[in-house]
Structures are given as C-alpha cells and as structure tokens.
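Step one of this worksheet: look at the structure below.
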Ligand SMILES: *Cc1c(COP(=O)(O)O)cnc(C)c1O
C-alpha cells in the first residue's frame, strides 16, 4: 500500500473507536493534554528502534530505567536498599512480584511444597494469571461490607504454606484502599511477604495526599510492605508499556531475575518476563516523569480529584443511584436498587461514553482522570437522562463494548438446552426484560461460578482474536 492509501485506510478503521479525546472514555486511556503529550511522543519516537534487552548496548536506556525506578522508590518512601525494574505494564509487574515471592519462599521457606498467596476478591485478575502461570495457589478472601480487604478473614486464611499477602491501593473495582497498615503488621508477625498493588493508584495517591486528601499509608513507610507495583502508563500519563515493580531490598529482587548459562548463543540473563524490551516506552516514561514534574502531577491530581468529587456528588443527587462503598481516590462504581444499572449503561453507550460494567454488585465503573474535568456536566446530564429513560422502561439498542459483545455472543455459543434453561430461570424476573444487555447480564449472573461461563468467555476470546470477528 502506498502512504496515502494506507493512512486513509487507518483513518477509516479508527472511525468507530472510542472518542477518548473528548473525555468519553472512563477507562483505558490517560491523557495529559496535547502539549505535554507532544514531548513524550517525541521522546518515544527517538527510541523507536532501541532495545533494552541488553542495557550495555544502550546505556542511555539503562539510566532512564534506573531513574524511573529511583523516582518511584522516592515517591513510595523507599529506603536506600529499595530497587526494582521497569516492565511492560501492571500485569507484568504483578507476575514478577508473584514469581519473586515463589523463588524467595523456595530459599527461605524450603519446607513449603505448595505455596499460597492470600488475596482479597477485589484484587486484580493479573494475580490469578500469575498463580495460573507459576503454579501458586491463590487463596481468595471476601471483602468486608466497605468493600475493603477484610483483616480478620485474611488472618484466618493464612496457613503454614502462605508466602505472601496482597492489598490494593486502591482496588480497581471500588476504588478503596485496603487496610495496608494492618496487613503490614500481620505480614511481619507471620513472616510472609506483602505486595501492594498500586498499579492504578501509584501515580495519583501520593499527589492527592500532598494536596490534603486523607490517603491512608500504603507504601514502604510501612515496614511489612515488601513490594509495590505502580503503572507509569496510567496516572503517570506516560506512553503505554510502562510500569514499575519495586522491592524493599535488592536481595528480594534477585529472585525476579532469570539466567540461562548453557545456551549455544551465549550466557543469557533477563530481569523481567519479556526478552526484547521497547526503548521507546522506557525513555517516554522518564520523559513523562521529568517533564510533567511534581507541579504538573499535583495540578493534574487536583483537577482529577475535583472532577471525581463533582461526579460523585452528581451521582448521589440522582434519585435511584448510589455510590458503591466510599472510594478514596479517583475511581468509583455506582449501582442502583431501583433501576437496571446495565440498561442505564446501554443508554450512556449510545451517547458515546465508554466505561466498565461490573458484578458483585452490579455497577458501572468510572476511572476519572484529568481529561474529565471538561466533561463533568455533560456526563451528569446524560446520566440523568439515561436514568429517566430507563425508569420509563424504554427499550434500548445495544452497543459494541467488549462486555456487550461477550453477552451478545452468549446466545450463539450456549448449547441450546443450557440457553433454554437460563431463559426459564431469568424470564420470571421482570427486571431482565428491559434491555438486551441487561437481560444477558441477568443470564451471566445465573451462570456465574459454573464451568459454562468460563467456556463461553474462552470461546468469545477465541472469536475476538480471529480475523473473522465482526463488530456489533
Ligand atoms: C490496571 C491494573 C492492573 C493491571 O495493569 P495492566 O497495565 O493493565 O497490565 C493491576 N492492578 C490494578 C489495580 C490495576 O488498576
């Protein structure tokens, strides 16, 4: 394809993408504004081809990475011994924390044959991915009524096989910070590691605290915290592909590394999961931290916290809606006992808004960032209209988000006896008749915890990742 044809094709393909530049996306994208992002992009392009696999070939990248890790360690009150690595994202950081814990236990708790990590049900699925990949057992503990990790139940879940506890700052689903200080005491008392998942909160909580928001301690200032994950590609506003995994000591980090000495190609050492590591993402993360700087992050955190507060107040003032729990930072979920919240979601999708749908309890999820300071009123007015419409039992059409696509393909994939049974189960509930997605979600609820649902999602992923996948 020549340049013009290629670019035209790309433009046409982008047409249906979420309009995040207008602040319509309450997830997935973090944008620091045109001016700030221009420089960060320039730096990314400067290192478009460089590979951080071998840092001796590109000492500049080694230095960028060391400084990004250093800045994060400072932000989280690390000691002189605190160190870490850059990774491709929160998932890789979490994978590394779990793998490191497993190796640490092999050395320090050799009697353990089947290592366990105790984790609140609100913790990110990346932990379960890590358990799945690394043969570690995840012991899931229900959250308390405030949706925070439950200290007593966590205590009860600890066995002689436990190697690590996990807390989130904050959790993604409900935006609440787990009782990390209590977990820190507990971890020390039991002689186990404690990982704090600050993937989403890492680059906003410290600034929100500086601005006077009451943010509970969650970092290395607590003695029991042994590792922290924090994503520079979220509230650090860097290019995608940048996260930090930090360890209290270099001794602990050693368990993260992988070395193979018998390869015919030479001695091979690699710090993280990936082999080739994109230079652009590393350089751009450094550029974001250095160019935005303390003042810039404070300014954006202020705008974000103000937008969150206004959105929260707006939601609380709409009859029938309620905020789930008491979110501490810039993420919030809201649901309803009166209207079908997924039907409300369908209406908002029609207006171009993009966000997550959640279960336990049914809710819509917003990750607020600096860009949303410009859309608070527009969003609240669309939300008010959506609730009114849904209260009047108006049917709505369905959009194309991942989740909606998933439930739409439910019908096609389910063996027909199962589908029929589900229809019987759900048809008695008048709530389910309002909207297509809403009805489908009702069925998903009925399926949750069964092997069927896992199979459906696997089939959906298979479809989604094939060339034939059709939108809509
Ligand atoms: C985003 C997120 C992750 C995973 O990060 P990715 O960059 O998507 O891999 C982990 N934990 C929390 C709390 C998150 O918000």
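The values are calculated or read from the model by the stated rules, or taken from the named source; none is laboratory data. All figures in this text were calculated on a predicted structure; none of them were measured in a lab. Don't worry about glycine lacking a Cβ; one is built from the backbone with ideal geometry, like all the others, and counts go over all protein chains shown.
Descriptive notes on the structure:
- A count restricted to segment 53-81 and to residues that are assigned to a loop (DSSP other than H, G, I, E, B) and in contact (Cβ under 8 Å) with a residue 60 or more places away in the chain stands at 7.
- Unique residue being touching a strand residue (DSSP E or B) at 6+ places or on another chain (Cβ under 7 Å) and modelled with pLDDT of 95 or more when the list is 42, 116, 35, 50: 116
- Any hit, segment 150-163, residues being within 14 Å of the ligand (Cβ to nearest atom) and under 18 Å from residue 225 (Cβ atoms): no
- Segment 299-339, residues that are over 20 Å from residue 376 (Cα atoms) and surrounded by fewer than 18 Cβ atoms within 10 Å (Cβ to Cβ): 337, 338
- Pair list, Cβ < 6 Å and 6+ apart or interchain, from segment 83-107 residues that are under 16 Å from residue 128 (Cα atoms) to residues that are within 9 Å of the ligand (Cβ to nearest atom) and in a helix (DSSP H, G or I): 91/126; 94/126; 94/127
- Scanning segment 342-367 for residues that are within 15 Å of residue 382 (Cβ to Cβ) and over 18 Å from the mean Cα position of the chain (by Cα) yields 343, 344, 345, 346, 347, 348, 349, 350, 351, 352, 353.
- From the list 178, 197, the lone residue that is within 16 Å of the ligand (Cβ to nearest atom) and closer than 15 Å to residue 97 by Cβ is 197.
- Exactly one residue among 346, 356 is in contact (Cβ under 8 Å) with a residue 60 or more places away in the chain and crowded, with 22+ Cβ neighbours inside 10 Å, and that residue is 346.
- Filter pass, residue 84 being crowded, with 16+ Cβ neighbours inside 10 Å, part of a loop (DSSP other than H, G, I, E, B) and within 25 Å of the chain's Cα centre (by Cα): no
- Scanning segment 125-134 turns up at least one residue that is touching a strand residue (DSSP E or B) at 6+ places or on another chain (Cβ under 8 Å) and within 20 Å of residue 224 (Cβ to Cβ).
- Of all residues in segment 230-265, those that are in contact (Cβ under 8 Å) with a residue 24 or more places away in the chain, within 27 Å of residue 44 (Cα to Cα) and away from the ligand (no atom under 16 Å from the Cβ) total 2.
- A search for C-beta distances below 6 Å between a residue of segment 193-213 that is over 11 Å from residue 166 (Cα atoms) and any residue that is more than 16 Å from the ligand (Cβ to nearest atom) and modelled with pLDDT of 95 or more, counting only pairs 6+ apart in sequence or on different chains, returns 204/301; 206/75; 207/297; 207/298; 207/301; 208/301; 208/305; 211/302.
- Which listed residue, of 126, 101, is away from the ligand (no atom under 15 Å from the Cβ), part of a helix (DSSP H, G or I) and modelled with pLDDT of 95 or more: 101
- Residue ranges of helices (runs of 4 or more DSSP H) in segment 174-283 with at least 1 members in contact with a strand residue (DSSP E or B) (Cβ under 6 Å, 6 or more places away or on another chain): 180-190, 250-253
- From the list 26, 64, 76, the one residue that fits, being touching a strand residue (DSSP E or B) at 6+ places or on another chain (Cβ under 7 Å), crowded, with 20+ Cβ neighbours inside 10 Å and closer than 20 Å to residue 296 by Cα, is 76.
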